[in-house]
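Here the structure is laid out as structure tokens; the discussion comes afterwards.
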Amino acid sequence: MLWLVTVVTFLMSAVVVIALFYAFSPAETQVAGRLSRMIEPQAVVEEDKFAVKQKERVGNWLVSLGKLLPASSGTQRTRAQLMMMRAGFRSQDAIQVVRGVKLLLPIVLVSLVLITGIYHYSPTFIILGALGVGFILPEFWLNLRIKA
């Protein structure tokens with residue numbers, strides 16, 4: 001039974017990570033795809049359209065999730081916009097997507113901790129650690145993108 005829960009948890013985590021990877025994939029791969037289609041117009045396949053639709057769905061879902069958090073004010077908002085532009089995200093919804101991830105990731109990590117039973121070793125520390133990591137990880141990832 002424990003193996004089943006572990007496998008299901010791992011698969012769910014992998015799906016979330018893959019969805020986030022596709023949602024935040026760099027624009028350079030999109031440019032290369034468009035250039036290759038200009039050279040070879042027959043290379044357009046249905047899978048590309050499916051991937052684009054799925055990426056849009058995940059992005060829209062994260063935007064709606066990000067709108068649940070209270071809006072930033074004044075200098076915090078301009079700082080967040082500046083960070084997103086430095087990271088290469090110029091969309092108006094980019095801030096909302098990051099806020100959505102900041103809301104979703106702690107919930108996913110705490111759920112993982114509770115489902116796998118890791119919290120039995122030190123309940124308070126591990127659950128608070130999962131919450132903290134889930135909230136800080138998107139900022140860390142954004143800072144890495146800025147440096148890149």
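The values are calculated or read from the model by the stated rules, or taken from the named source; none is laboratory data. Being a predicted model, the structure only gives us computed values, none of them experimental. The area values use the complete protein model at the heavy-atom level, side chains included, leaving out ligands, DNA and RNA. Shrake-Rupley method; radii C 1.70, N 1.55, O 1.52, S 1.80 Å.
Within a straight-line Cα-Cα reach of under 16 Å, Lys102 can be paired with the following lysines, leaving aside sequence neighbours fewer than 8 residues apart in one chain: Lys67. Ordered by solvent-accessible area of protein heavy atoms (1.4 Å probe), largest first, the residues Ser91, Ser111 come out as Ser91, Ser111.
With all protein chains in place and ligands, DNA and RNA left out, the 1.4 Å accessible area ranks Arg145, Arg79 as Arg79, Arg145, largest first.
Ligands, DNA and RNA excluded, the heavy atoms of Met83 present near 20 Å² of accessible surface to a 1.4 Å solvent probe.
Set the Cα radius of gyration of segment 43-148 against 2.2 N^0.38 Å, with N its number of residues, and you get 1.28. Using only Cα coordinates, the Kirkwood hydrodynamic radius of segment 84-134 works out to 12.2 Å.
Of Val15, Val101, the residue with the largest accessible area leads and the full order is Val15, Val101 (1.4 Å probe).
Straight-line reach from Lys49: taking Cα to Cα under 16 Å and skipping same-chain neighbours fewer than 8 places apart, no lysines fall in range.
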